[in-house]
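Accompanying notes for the structure given below.
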Amino acid sequence: MDEASLKALVRQAAQSQRSPGRVVFMGRQNSQFNDNCKYAYLHCVRHCPELSCTYISESRDVVTLLRSHGLPVLACDDPRASAAMLEAGVVVCDDFHWKMDPVISTLLHPAKVVQLWHGIPLKAIGFPELTSTVNMTPEKAAFLQAMYSGYDTVLSTSPFFTEMAFGRAFRAERFEEAGYPRNDVLLRQPTRDDMIGADATLYGHVARLKKNGWKILMVMPTFRDGGGGPIEEGMLDLGRLHEFGARHKVFTILKLHPYVGLRFSGHLPETMQVAEAASDAYPLLRLADALLTDYSSVYFDFLLTDRPILFYPYDFERYVSRDRELLFDYGDMAPGPMAKDPETLFAALSAVLVQDEDAYARRRRALADLSFRYRDGQAAKRLGEYIVRRFTDKGDPSCKQ
């Protein structure tokens, strides 16, 4: 769009009549239907009649998928999406890629923005990152200030993380400690809606394995800004992991970060399977007997299951000096066995999955108490009630279950 057209759009957006109950849910970047935005949207569509909800996606596949389930959705380039954005009183999102698009950000301004984010921060994000000595430039600093500002509400999970993480990372009018909607499915049987965007075939396979006495290991490393990772660098030998799984009836789910470009050629052994990077891992995560990760915020969510977490920071010094600084002391925030090489990793896997050791249960539960104000599987319901209460003129309504 040229400069004159964008100026005209700015004027149109400023004059538009926005409806407080008109809510636009901005889909994730890279054509994903998952995470907090997914679960918040599904709840509000199904249970909040006070709201008129539309999911907007850049992916035709996501649009087709949601329409097949009778859900209100529009593609970004659909003229009706532009109209919906101009009418929206509220935007719900869990990242900020849409703010980088001058057309979409103009269409949505000045709607109120509810930022759900996509993880309890272990790594420095937002305004604390401005003081980082890792990968910081004036251009990146300006970008961070713009992206982490301008929110009406930012979702949090507990008073501790409001104070120590979210309240420092974002500039917002309010921080609402309702909990993460994506975590609801960790605490209950998945519904038909929950499985939209998830791998239902893999879920069924894993459920059958568990009934037959197999244990499930979920492997979810985070991405590195400078590239690499445990599989790419040979620090996690899939052949050895297969042998371990075959010997001890342990099935491994490999769920890589969407930013990781690693692809597997040929067939993996029968003891492991890859979950599509853009798929929703949370229904699968509830089936896991243990989680193996490094610096990914997913381990905070997994605390809700009260099952063992194994940490593999084999590249810790390089990571914190080249990729990301951490908000907290890693040792204090990692309640599980910590391996630095393949030998100690497989010893830890054996202790947890074969010998059923759980030496970190007390520390894990203490961190869960710090991380979550609620542990009841009702985060989406609380968020829906909050949106209705804060942004509509319905008095003090509540969403119907």
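Values quoted throughout were computed directly from the atomic coordinates according to the rules given, and no laboratory measurement underlies them. As the structure is a prediction and not an experimental result, all values here were calculated from the model. Backbone-built Cβ (ideal geometry, glycine too); neighbour counts: all protein chains shown.
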Requested in this report: Taking amide H positions as placed in the peptide plane 1.01 Å from N, state which residues far from residue 22 in sequence (5 or more) or on other chains have amide H under 5 Å from it.
Outcome: 52, 89, 90
Query raised in the report: How large is Rg over Rh for the stretch 1-53, taking Rg from the Cα atoms and Rh as the Kirkwood inverse mean of 1/r across Cα pairs?
Result: 1.12
Query raised in the report: Using +1 on the beta carbon of Lys and Arg, -1 on that of Asp and Glu, and nothing else charged, what's the dipole of the stretch 199-371 about the Cα centre, debye to 20?
Result: 580 debye
Query - the chain: calculated mean residue ellipticity at 222 nm from DSSP helix runs of at least 4, using -39500 (n - 2.57) - result: -9500 deg cm²/dmol
Query raised in the report: Can you put 56, 216 in order, fewest other beta carbons within 10 Å first?
Result: 216, 56
**Report entry** Order by protection proxy (mean Cβ within 10 Å, highest first), peptides 84-90, 358-364, 13-19
**Finding:** 84-90, 358-364, 13-19
Requested in this report: Could you sort 138-147, 197-206, 281-290 so that the peptide with the highest average Cβ count within 10 Å comes first and the rest follow in order?
Outcome: 281-290, 197-206, 138-147
Requested in this report: Could you run the Debye sum over the Cα atoms of the chain, one equal point scatterer each and no solvent, and tell me log10 of I(q)/I(0) at q = 0.07, 0.09, 0.14 Å⁻¹, two decimals?
Outcome: -0.33, -0.55, -1.33
Report task. Quick one, can you get me the convex hull of the C-alpha atoms of the stretch 223-318 expressed as volume per residue in Å³? Result -> 113 Å³
Query raised in the report: Relative to the Cα centre, what is the charge dipole magnitude of the chain, using +1 at the beta carbon of each Lys and Arg, -1 at the beta carbon of each Asp and Glu, and rounding to the nearest 20 debye?
Result: 1040 debye
Report summary line: Share of Cα-Cα pairs in the stretch 199-371 beyond 25 Å, whole percent, is 28 percent
Report summary line: Cα extents of the stretch 28-88 along the principal axes, largest first, in whole Å, come to 27, 25, 20
Report task. May I ask for log10 I(q)/I(0) of the stretch 284-401 at q = 0.11 Å⁻¹, from a Debye sum over the Cα atoms as equal point scatterers with solvent left out? Result -> -0.50
Report summary line: If amide H atoms are modeled at 1.01 Å from N in the peptide plane, then the residues at a separation of 5 or more from residue 174, or on another chain, having amide H under 5 Å from its own are 153, 154
Query raised in the report: Can you give the convex hull volume of the alpha carbon atoms of the stretch 148-230 per residue, in Å³?
Result: 187 Å³
Query raised in the report: Hey, if you drop one equal point scatterer on each alpha-carbon of the stretch 1-146 and run the Debye formula without solvent, what base-10 log of I(q)/I(0) do you get at q = 0.13, 0.16, 0.21 Å⁻¹?
Result: -0.64, -0.92, -1.32
Requested in this report: Give a residue-ordered list of calculated ³J(HN,Hα) values for the stretch 271-280 (Karplus: 6.51 cos²θ - 1.76 cosθ + 1.60, θ = phi - 60°; whole Hz; x for Gly, Pro).
Outcome: 8, 8, 8, 8, 8, 3, 4, 8, 7, 7
Requested in this report: In whole Hz, with x marking every Gly and Pro, tabulate ³J(HN,Hα) for the stretch 324-329 from phi via Karplus 6.51 cos²θ - 1.76 cosθ + 1.60, θ = phi - 60°.
Outcome: 9, 7, 9, 6, 10, 5
